[in-house]
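Below is one structure, written out as structure tokens; comments come after it.
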Amino acid sequence: MRVVTLFAGALAVGLALLAGPARGATVLRLSFEELTGRSDAVVRGRVVGSTPKLNAAAGRISTFTVVEVIEAIKGAPGKRVTVRQPGGEVGGIGQAVAGAARFAPGEEVVLFLQRAPDDATVFHVLSMSAGKVRLEKRRDALRAVRDLDGIAFVDPPAAPRPARPAGAPAVQVVSSEDLGDAAEFLGRLRAAARAAMPAPAPAKKGARP
């Protein structure tokens, strides 16, 4: 199989992606509250399967992953969502995109999703692999874990952040994060989704309750 590795360069601002270093993609460091606020949908679900497809006109391969929704934490995406990710293998030719989220059938995930600008029926993962969290059992406890191979974090230019220790790099490479107890993590996201809901419009004067 011939594999072509692609480094994501200039994508839509919604992906929170910057030009990456040689190791892969660089994404803005966003809190989970910020990821929730920027997402069209946040879902907890289980991966059903993935299908790669070749766009011959564009010369690109995309992989479409179907996820059965267990809980819609934000938005109303339906019982299943289809997630489009760059890369995959078709006809013995593979394209690998550094930093793209990877899926395995049967895994339980939390996804921060935005609708694809060219196809309202599919989503893409916000902030690449930083927008995918696995829920897995470790020592009989369900944990939230994020795999970050292929990406590096950089602070948003205008965002106030705690001062870095002397000598600390501006771009931080992280391969994996244990985000703690899954129930607590999900509760945090539910609270963030409630906070992101628009305030109800004020009642018109003279209107009956």
Across the stretch 96-126, what is the number of residues that are among the acidic types (Asp, Glu) and within 16 Å of Val43 (Cα to Cα)? 2
What number of residues within the stretch 105-120 are under 17 Å from Lys53 (Cα atoms) and under 17 Å from the mean Cα position of the chain (by Cα)? 1
Is it true that Ala101 is over 22 Å from Ala192 (Cα atoms), assigned to a strand (DSSP E or B) and small (Gly, Ala, Ser)? no
Go through (1) buried (at least 16 other Cβ atoms within 10 Å of the Cβ); (2) small (Gly, Ala, Ser); (3) at pLDDT 95 or above and name the single condition Ala100 misses. (3)
Subset tally (residues that are outside any strand (DSSP E or B), within 17 Å of Leu28 (Cβ to Cβ) and modelled with pLDDT under 55) for the stretch 162-192: 3
Just name the residue that is surrounded by the most Cβ atoms within 10 Å (Cβ to Cβ) out of those in the stretch 55-96 that are under 23 Å from Phe32 (Cα atoms) and hydroxyl-bearing (Ser, Thr, Tyr). Thr65
Find all pairs meeting these conditions: Cβ atoms under 8 angstrom apart; at least six residues apart or on different chains; first residue within the stretch 105-131 and surrounded by fewer than 24 Cβ atoms within 10 Å (Cβ to Cβ) and of a type in the set (Lys, Arg); second residue modelled with pLDDT of 95 or more and not in a strand (DSSP E or B). Arg115/Asp40
Does the stretch 120-141 hold any residues that are within 29 Å of Val154 (Cα to Cα) and in a strand (DSSP E or B), and which are they? Val122, Phe123, His124, Val125, Lys132, Val133, Arg134, Leu135, Glu136
Return only the number of the condition from (1) more than 30 Å from Ala191 (Cα to Cα); (2) in a strand (DSSP E or B) that Val47 does not satisfy. (1)
Check the stretch 62-71 and report whether any residue there is over 15 Å from the mean Cα position of the chain (by Cα), assigned to a strand (DSSP E or B), more than 30 Å from Ala192 (Cα to Cα) and free of Cβ contacts under 8 Å to residues at least 60 places away in the same chain. yes
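The values are calculated or read from the model by the stated rules, or taken from the named source; none is laboratory data. Here the structure is a predicted model, which is why all the values come from computation and not from measurement. No Cβ is skipped: glycine too gets one built from the backbone with ideal geometry, and neighbour counts run over all protein chains shown.
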